[in-house]
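**Q** Attaching a single structure in structure tokens format; questions to follow.
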Protein chains: 2
Amino acid sequence: MDYGHMLPKEVRRLIREGKITSPTSGMCLGYAQANLVSLPNALAYDFLLFTQRNPKACPVLEVSAAGSRVLPYLAPDSDIALDIPKYRVYENGVMTGEYFKAGHLWREDLVSFLIGCSFSFEDALLEAKVPVRHIEEGRNVPMYNTSIPLVPAGVFHGNMVVSMRPVPRELVVRAVTVTAAMPRVHGAPVHIGDPAAIGIADMGKPDYGDSVTIHSNEVPVFWPCGVTPQAVVMRVKPEFVITHAPGHMFITDIKNAHLKE
Amino acid sequence: MDYGHMLPKEVRRLIREGKITSPTSGMCLGYAQANLVSLPNALAYDFLLFTQRNPKACPVLEVSAAGSRVLPYLAPDSDIALDIPKYRVYENGVMTGEYFKAGHLWREDLVSFLIGCSFSFEDALLEAKVPVRHIEEGRNVPMYNTSIPLVPAGVFHGNMVVSMRPVPRELVVRAVTVTAAMPRVHGAPVHIGDPAAIGIADMGKPDYGDSVTIHSNEVPVFWPCGVTPQAVVMRVKPEFVITHAPGHMFITDIKNAHLKE
């Protein structure tokens, strides 16, 4: 199946029918993909403020009403509890399960935050002839914890998580300018070239996702990653949280070019 | 005094000493200016969500801790209750006073929202040789209520307020591109040319600020205005709110060029 050129509603239907349970990188090219954090209402203000203070790592695309599984802006006919390929549940900071459906787990006090994902700009990179290695290799994007501090808000604090794409030396500037134009899905890279400078010890062992090949003429380029808010939420060990599984994103009906500034 | 080329901390000192009580347009060129809305904690989540859903009209630059008059990001040595030239107090939706200082009015439950102001991009327009009429004429910028609807959030809903600058026909494109590059202080215009199309009946009677001359070779250009959140808050008639007086902004220590995306 050519998921890259299908419409979001078609791919979401296949997801809801259980026919897609894989990472969504490369699907529905041109449409924004989003990270999910659904947490209890009591934490929603602190978390929304955290996203406001850290817009590069946490560019919020939509916030649901409490208890609602509907996203009027991003995908009005969707159900956020059913249309993501894989969910994670965390209880008191511990992952207690991965699920293909989360409808039976939903609670009336959950507020859902949809946060921009760098998968959204990968087709812009491909259009610009910048290779995207994890798509070429059929793997999930490599993601790493870093030493880059975030601005705290209320109970939330922590460091940035980044995604990495190896870019041929002569295309690094192009990769920066292409992605800088898309701030609602993380925008420009946060670091170029030296993993150790941002606290990454071993590129071969990503903290999330898969490792990918880096050729000798390539530079590792690091973008803020939407797994950041998950990592930050987990530090607080909330009683109950539902997220997407890393790489398994919510595919929205909004084209990247139409995302509100 | 050449306020245009003074540092923010110098101008804020003159404001605190009562030596400046006028609108701040044209002061501290290159530095971001901000609108103030301080409202009770009980309304803070709905209001923060409203700003997230309406980023063009309400680009949040900083949110204080509840009860705090300190803004660690925008101006760490400032007191938000003393360093604005003129404040307004609203009680149950009615303006009950204008004040040069608000320290004696502050409450422990107030959360302060600092929202980007289009004054911030006026020096970029001037640098690009786009005239700014209200600065030329020594007046406050004209601001108008419109029929442009905003996305509701919780108790907050309403229409956009815009600021207007007349731009010579051949410079309109330049005015758009210069301001589009500054989304944290409202960014690109929301409308060009036809006041009636956005519900403005009489350009000679602004709803806030002063009217300015429009020459025959000029087009009225409308930008989202930071008075919008004030207008929206007033519709809800909260028991107690402190804002800046229109045009009398908070001048931050952050250069426009350094505003976080």
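The values are calculated or read from the model by the stated rules, or taken from the named source; none is laboratory data. Remember, predicted model here, so these are calculated numbers, not experimental data. We place every Cβ from the backbone using ideal geometry, glycine too, and count neighbours over all the protein chains shown.
**Q** Among the listed residues A:Gly138, A:Gly97, identify the single one that is out of contact with any helix residue (DSSP H, G or I) (no Cβ under 7 Å at 6 or more places or on another chain), assigned to a loop (DSSP other than H, G, I, E, B) and free of Cβ contacts under 8 Å to residues at least 24 places away in the same chain.
**A** Values: A:Gly97 fails: assigned to a loop (DSSP other than H, G, I, E, B).
Answer to the selection: A:Gly138.
**Q** Another question, if that's okay. Please state which one of A:Phe121, A:Phe113 is under 17 Å from the mean Cα position of the chain (by Cα), closer than 30 Å to A:Ser68 by Cβ and part of a helix (DSSP H, G or I).
**A** A:Phe121
**Q** Please enumerate the residues belonging to segment B:208-261 that are over 26 Å from B:Ala81 (Cα atoms) and within 14 Å of chain A (Cβ to nearest Cβ).
**A** Answer for segment B:208-261, where residues must be over 26 Å from B:Ala81 (Cα atoms) and within 14 Å of chain A (Cβ to nearest Cβ): B:Trp223, B:Glu261.
**Q** Tell me yes or no: at least one residue of segment B:202-220 is touching a residue at least 60 places away in the same chain (Cβ under 8 Å), in contact with a His (Cβ under 6 Å, 6 or more places away or on another chain) and not hydroxyl-bearing (Ser, Thr, Tyr).
**A** yes
**Q** Any residue in segment B:100-118 that's farther than 14 Å from B:Asp79 by Cα and charged (D, E, K, R): show its pairings with residues that are modelled with pLDDT of 95 or more and buried (at least 18 other Cβ atoms within 10 Å of the Cβ) at Cβ separation under 6 Å, as long as the two are six or more apart or on different chains.
**A** Cβ pairs passing all conditions: none.
**Q** Within segment B:54-71, how many residues turn out to be more than 18 Å from A:Leu61 (Cα to Cα) and either among the hydrophobic types (A, V, I, L, M, F, W, C) or at the interface with another protein chain (Cβ under 9 Å from one of its Cβ atoms) (or both)? Walk me through how you get there before you give the answer.
**A** Going residue by residue through segment B:54-71, those that are more than 18 Å from A:Leu61 (Cα to Cα) are B:62-71.
With the extra rule that they be either among the hydrophobic types (A, V, I, L, M, F, W, C) or at the interface with another protein chain (Cβ under 9 Å from one of its Cβ atoms) (or both), the set shrinks to B:62-63, B:65-66, B:70-71.
Residues flagged as more than 18 Å from A:Leu61 (Cα to Cα) and either among the hydrophobic types (A, V, I, L, M, F, W, C) or at the interface with another protein chain (Cβ under 9 Å from one of its Cβ atoms) (or both) within segment B:54-71 amount to 6.
**Q** Only one of A:Val227, A:Val233 is in contact (Cβ under 8 Å) with a residue 24 or more places away in the chain and in contact with a helix residue (DSSP H, G or I) (Cβ under 8 Å, 6 or more places away or on another chain); which? Full working, then the answer.
**A** Numbers: A:Val227 fails: in contact with a helix residue (DSSP H, G or I) (Cβ under 8 Å, 6 or more places away or on another chain).
Step by step, each of A:Val227, A:Val233 is checked, and only A:Val233 is in contact (Cβ under 8 Å) with a residue 24 or more places away in the chain and in contact with a helix residue (DSSP H, G or I) (Cβ under 8 Å, 6 or more places away or on another chain).
**Q** A further question on this structure: Within segment B:176-200, how many residues turn out to be surrounded by fewer than 19 Cβ atoms within 10 Å (Cβ to Cβ) and among the hydroxyl-bearing types (Ser, Thr, Tyr)?
**A** Residues in segment B:176-200 being surrounded by fewer than 19 Cβ atoms within 10 Å (Cβ to Cβ) and among the hydroxyl-bearing types (Ser, Thr, Tyr): 1 in total.
**Q** May I pose another question? Would you call B:Pro238 within 13 Å of the chain's Cα centre (by Cα), buried (at least 16 other Cβ atoms within 10 Å of the Cβ) and either at negative phi or modelled with pLDDT under 95 (or both)?
**A** Working: within 13 Å of the chain's Cα centre (by Cα): no; buried (at least 16 other Cβ atoms within 10 Å of the Cβ): yes; either at negative phi or modelled with pLDDT under 95 (or both): yes.
It is false that B:Pro238 is within 13 Å of the chain's Cα centre (by Cα), buried (at least 16 other Cβ atoms within 10 Å of the Cβ) and either at negative phi or modelled with pLDDT under 95 (or both).
**Q** May I pose another question? Which is at the interface with chain B (Cβ under 10 Å from one of its Cβ atoms), modelled with pLDDT of 95 or more and either surrounded by fewer than 21 Cβ atoms within 10 Å (Cβ to Cβ) or in contact with a strand residue (DSSP E or B) (Cβ under 7 Å, 6 or more places away or on another chain) (or both), of A:Leu48, A:Leu14?
**A** Values: A:Leu14 fails: at the interface with chain B (Cβ under 10 Å from one of its Cβ atoms).
Exactly one of A:Leu48, A:Leu14 is at the interface with chain B (Cβ under 10 Å from one of its Cβ atoms), modelled with pLDDT of 95 or more and either surrounded by fewer than 21 Cβ atoms within 10 Å (Cβ to Cβ) or in contact with a strand residue (DSSP E or B) (Cβ under 7 Å, 6 or more places away or on another chain) (or both), namely A:Leu48.
**Q** Among the residues of segment A:19-29, are any hydrophobic (A, V, I, L, M, F, W, C), more than 14 Å from chain B (Cβ to nearest Cβ), more than 29 Å from A:Met164 (Cβ to Cβ) and not in a helix (DSSP H, G or I)? Quick ask: steps written out before the conclusion?
**A** Initially, segment A:19-29 is screened for residues hydrophobic (A, V, I, L, M, F, W, C), giving A:20, A:27-29.
Of the ones still in play, those that are also more than 14 Å from chain B (Cβ to nearest Cβ) are A:20, A:27-29.
Retained after the next criterion (residues that are more than 29 Å from A:Met164 (Cβ to Cβ)): none.
Scanning segment A:19-29 turns up no residue that is hydrophobic (A, V, I, L, M, F, W, C), more than 14 Å from chain B (Cβ to nearest Cβ), more than 29 Å from A:Met164 (Cβ to Cβ) and not in a helix (DSSP H, G or I).
**Q** Shifting gears a bit: Considering every residue within segment A:73-82, establish whether at least one is within 10 Å of chain B (Cβ to nearest Cβ) and either at pLDDT below 95 or buried (at least 23 other Cβ atoms within 10 Å of the Cβ) (or both). Break it down into steps so the answer makes sense when it comes.
**A** Keep residues of segment A:73-82 that are within 10 Å of chain B (Cβ to nearest Cβ), which gives A:73.
Of the ones still in play, those that are also either at pLDDT below 95 or buried (at least 23 other Cβ atoms within 10 Å of the Cβ) (or both) are A:73.
Checked against the condition, which is being within 10 Å of chain B (Cβ to nearest Cβ) and either at pLDDT below 95 or buried (at least 23 other Cβ atoms within 10 Å of the Cβ) (or both), segment A:73-82 yields at least one hit.
**Q** Kindly evaluate B:Gly67 against the criterion of being over 23 Å from B:His258 (Cβ atoms) and not β-branched (Val, Ile, Thr). Before the answer, list the steps.
**A** Working: over 23 Å from B:His258 (Cβ atoms): yes; not β-branched (Val, Ile, Thr): yes.
Here the answer is yes, as B:Gly67 does meet what is asked.
**Q** Checking A:Pro40 against (1) within 14 Å of chain B (Cβ to nearest Cβ); (2) more than 19 Å from A:Gly158 (Cβ to Cβ); (3) touching a Leu at 6+ places or on another chain (Cβ under 7 Å); (4) not aromatic (Phe, Trp, Tyr), only one condition comes out false. Which one?
**A** So the condition that A:Pro40 fails would be (2).
**Q** For segment A:83-94, give me each residue that is at pLDDT 95 or above, among the hydrophobic types (A, V, I, L, M, F, W, C) and either part of a helix (DSSP H, G or I) or closer than 18 Å to A:Thr228 by Cα (or both).
**A** A:Val89
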